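Novice: One structure is given below, represented as structure tokens, and several questions about it will come after.
The values are calculated or read from the model by the stated rules, or taken from the named source; none is laboratory data. In this text, all values refer to a predicted model and were calculated from it rather than measured experimentally. As a convention, Cβ positions derive from the backbone with ideal geometry for all residues, glycine included, and neighbour counts pool all protein chains shown.
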4 protein chains.
Amino acid sequence: MTKTRLEALSDGVIAIVMTILILEFKVPKIESSEEDWGLVKDFIHNLPVVLSYIISFLVLIVWWMSHHELFHGVKHIDRKTIFLNGIFLMFIAFIPFPTALMGEYPGLHFPSILYGIIGMFCGASYYCLYHHVLKKNTDHPFTITSKEALSFKNTWLHLLVYIVAIGIAFISPYISIAVYAAVPIYFILKKNG
Amino acid sequence: MTKTRLEALSDGVIAIVMTILILEFKVPKIESSEEDWGLVKDFIHNLPVVLSYIISFLVLIVWWMSHHELFHGVKHIDRKTIFLNGIFLMFIAFIPFPTALMGEYPGLHFPSILYGIIGMFCGASYYCLYHHVLKKNTDHPFTITSKEALSFKNTWLHLLVYIVAIGIAFISPYISIAVYAAVPIYFILKKNG
Amino acid sequence: MTKTRLEALSDGVIAIVMTILILEFKVPKIESSEEDWGLVKDFIHNLPVVLSYIISFLVLIVWWMSHHELFHGVKHIDRKTIFLNGIFLMFIAFIPFPTALMGEYPGLHFPSILYGIIGMFCGASYYCLYHHVLKKNTDHPFTITSKEALSFKNTWLHLLVYIVAIGIAFISPYISIAVYAAVPIYFILKKNG
Amino acid sequence: MTKTRLEALSDGVIAIVMTILILEFKVPKIESSEEDWGLVKDFIHNLPVVLSYIISFLVLIVWWMSHHELFHGVKHIDRKTIFLNGIFLMFIAFIPFPTALMGEYPGLHFPSILYGIIGMFCGASYYCLYHHVLKKNTDHPFTITSKEALSFKNTWLHLLVYIVAIGIAFISPYISIAVYAAVPIYFILKKNG
């Protein structure tokens, strides 16, 4: 019972974050002489927004998939799980802001640095939740099928990639954006492969 | 269990998309001398927005209905299903933008072209999901009751209508909007008939 | 199963409509010399918005309560139920616009006329859904406990009140707003009494 | 059954309120000469918004946790429960406005006074709901494990803290904001400890 509502709240927050990303697409005010070309020019100008939207959507699909697989094997939920899950959702809910910033100012450094920092906090809060859940549910499929589940190897690897990407963002935002896009794509390919 | 959360996420996204469509209706700033007539004139001026909202709402009801009937018979869910469903939801979440654009500039060509393209991507991603789900669930009611379920006939038919409508949009946006409205109405009448 | 997702979609749409009502409260830009008094004056100026928000929230609670009690006794769902429920949700999703309009221009006639018209459509679409559901579910508690359930008496009564309120709105918007507020309060008192 | 939908509606509203808090973060318009520093300056300028967002998110996590634990033990739901729950959700949905106000004008008195008033109404409506639910469910775990569950001690304590914080807000908004932040943190530490 408990688990059902925690999952429902998480699904709700992730579904809303997925959808409000799109609210950044504003209907442009075009000059009457421009007509269709005005709209096309505005749309092309906004392609970075489309791209950063797609990246964040992929990131959110992967977070939802991880959350889903983690809680699938959960039987016992305590207040700390609820609290850690809430903190994770808080950082997830931050994602639309750097996404919009990155879409609006793709050439600047700050948006991709901030995007990386938020992504790192999502990761860090997720791993706190992850380790707490596995500790409380000793019969969780993750720990049964893999001895590495409780090790911090994957945790550090994911956070390390983000730290490197943030470092790269100080030099070239484009390369760091490519890294942010590569992480969910790699994850999806690996999981499906 | 798995299925429940995938359905919850999808219901959440579709419910939000249905509702944020309406956020385009902005309270107008009227001049104090105009009073009621200012509001009435603004409302009449915004009737295309109302109309394009109704069309998209019907389209979303039909998508939800299809999604619902597809997953009703599903027993096995894998990561690829989650991923393909996510891509489908991403294109669904795009719908409000061309809807708003079409409502704001009903006489221009670009909005109805973009609306058709998004609709086509929704269709294409849905059919990828559909065929993957039927392949994984060989005991799905769709394949049992109809041998055509796995054929691509209906798939191509639906996409073909959208491609034709996009072509028409280059000549007359009004006719293509009529086609976009006709698709869900036809679907609803056929299903209820 | 079917019923669960239809209820989830409806809960989602109603929850979102309840919450986006509040998005009308914009953080005001005040002049630096005004400070606190600027915010207080703005808040007092916006009290009609608060009031119209509270009325719509009560209306939505009552609609949700009715929807909930109707579907509680439902066993069989067909495509027409899904479609009629969708149309009902479409009119529910319209509510925030006249609510915001009524809050912004409380002295004008058009906002309360439009509010009444939307309310009437909500009612009409609900009764179409209601009668279809009772017809399909002959063992529904409503028809078992009360022979009047299938009569159109309550239907007409509710719509009649709205038609009268719309008529009043042409003369005095304040009295019609009082009627809109009285309907859910009467319903809640009657049901709890 | 009944309970499931009431929980779903509440989860939906709370999830949306959690997420629309973030909509206050607007992508800034920077002058082209400023580039990254313009964004950094804007972000630093908006740190109070981030802080008030985090406080409200913690408050919402705690409200959700309380609501969740209350309804976990509920078996009987009547119309009054639905109505009182609706009123509670209405005040919850008000939270984003004073949160945004407090973030925008952190040095002024009115935002933190209003934040306290809304918080007090959330508390008052929750305790009405709480006592009604415990009265209707005499076998609720709360009353079985603790004789104090039905006393009004905790109720008054919580409301008292808010009344004191509102009083403080007339003198120093910063201290009252610290109190608002301390309440959920104290609650979380106590519950986890």
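Novice: Tally the residues that are without any contact (Cβ under 8 Å) to a residue 60 or more places away in the chain and out of contact with any Asp or Glu (no Cβ under 7 Å at 6 or more places or on another chain), restricting the search to region C:1-15.
Specialist: Applying the first criterion (without any contact (Cβ under 8 Å) to a residue 60 or more places away in the chain) to region C:1-15 yields C:1, C:4-5, C:8, C:11-12, C:15.
Still in the list and also out of contact with any Asp or Glu (no Cβ under 7 Å at 6 or more places or on another chain): C:1, C:4, C:11, C:15.
Here the count works out to 4.
Matching residues to (1) more than 10 Å from chain C (Cβ to nearest Cβ); (2) at pLDDT below 90:
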| site | (1), (2) |
| --- | --- |
| D:HIS68 | yes, no |
| D:ASP78 | no, yes |
| D:PHE83 | no, no |
| D:LEU89 | no, no |
| D:GLY123 | yes, no |
| D:LEU150 | yes, yes |
| D:HIS158 | yes, yes |
| D:ILE163 | yes, no |
| D:ILE168 | yes, no |
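Novice: Filter region D:10-41 down to the residues that are in a helix (DSSP H, G or I) and among the small types (Gly, Ala, Ser), then identify the one that is farthest from C:MET18 (Cα to Cα). Explain how you work it out, then say what you get.
Specialist: To start, the set of residues in region D:10-41 that are in a helix (DSSP H, G or I) comprises D:10-24, D:36-41.
Filter once more, so that each one left must be among the small types (Gly, Ala, Ser): D:10, D:12, D:15, D:38.
On the way: D:SER10: 11, D:GLY12: 10, D:ALA15: 12, D:GLY38: 37 Å.
Per the criteria, the residue is D:GLY38.
For (1) within 23 Å of the chain's Cα centre (by Cα); (2) outside any helix (DSSP H, G or I), each residue gets a yes or a no:
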position: A:ALA8; (1), (2): yes, no
position: A:PHE43; (1), (2): no, no
position: A:ILE54; (1), (2): yes, no
position: A:HIS76; (1), (2): no, yes
position: A:LEU84; (1), (2): yes, no
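Novice: Identify all residues within region A:93-107 that are at the interface with chain D (Cβ under 9 Å from one of its Cβ atoms) and either of a type in the set (Asp, Glu) or outside any loop (DSSP other than H, G, I, E, B) (or both); write none if there are none.
Specialist: Correct list: A:ALA93, A:PHE94, A:PRO96, A:PHE97, A:ALA100, A:LEU101, A:GLY103, A:GLU104.
Novice: Just give me the residues in region D:21-37 being out of contact with any Asp or Glu (no Cβ under 6 Å at 6 or more places or on another chain) and more than 8 Å from chain A (Cβ to nearest Cβ), in sequence order. Before you say what the answer is, go through the steps one by one.
Specialist: We begin by selecting, within region D:21-37, every residue out of contact with any Asp or Glu (no Cβ under 6 Å at 6 or more places or on another chain); these are D:21-26, D:29-37.
If the condition is that a residue be out of contact with any Asp or Glu (no Cβ under 6 Å at 6 or more places or on another chain) and more than 8 Å from chain A (Cβ to nearest Cβ), then D:GLU24, D:LYS26, D:LYS29, D:GLU31, D:SER32, D:SER33, D:GLU34, D:TRP37 are the ones that fit.
Novice: Give just the number: which of (1) touching a Phe, Trp or Tyr at 6+ places or on another chain (Cβ under 9 Å); (2) closer than 24 Å to D:TYR126 by Cβ does D:VAL27 not satisfy?
Specialist: If we test D:VAL27 against (1) touching a Phe, Trp or Tyr at 6+ places or on another chain (Cβ under 9 Å); (2) closer than 24 Å to D:TYR126 by Cβ, just (2) comes out false.
Novice: Testing B:PHE110 on (1) within 11 Å of chain A (Cβ to nearest Cβ); (2) closer than 17 Å to B:GLY12 by Cβ, one condition comes back false. Which one is that?
Specialist: It is condition (2) that B:PHE110 fails.
Novice: Taking region D:84-130 only, how many residues are more than 17 Å from C:ASN46 (Cβ to Cβ) and free of Cβ contacts under 8 Å to residues at least 24 places away in the same chain?
Specialist: The qualifying residues number 1.
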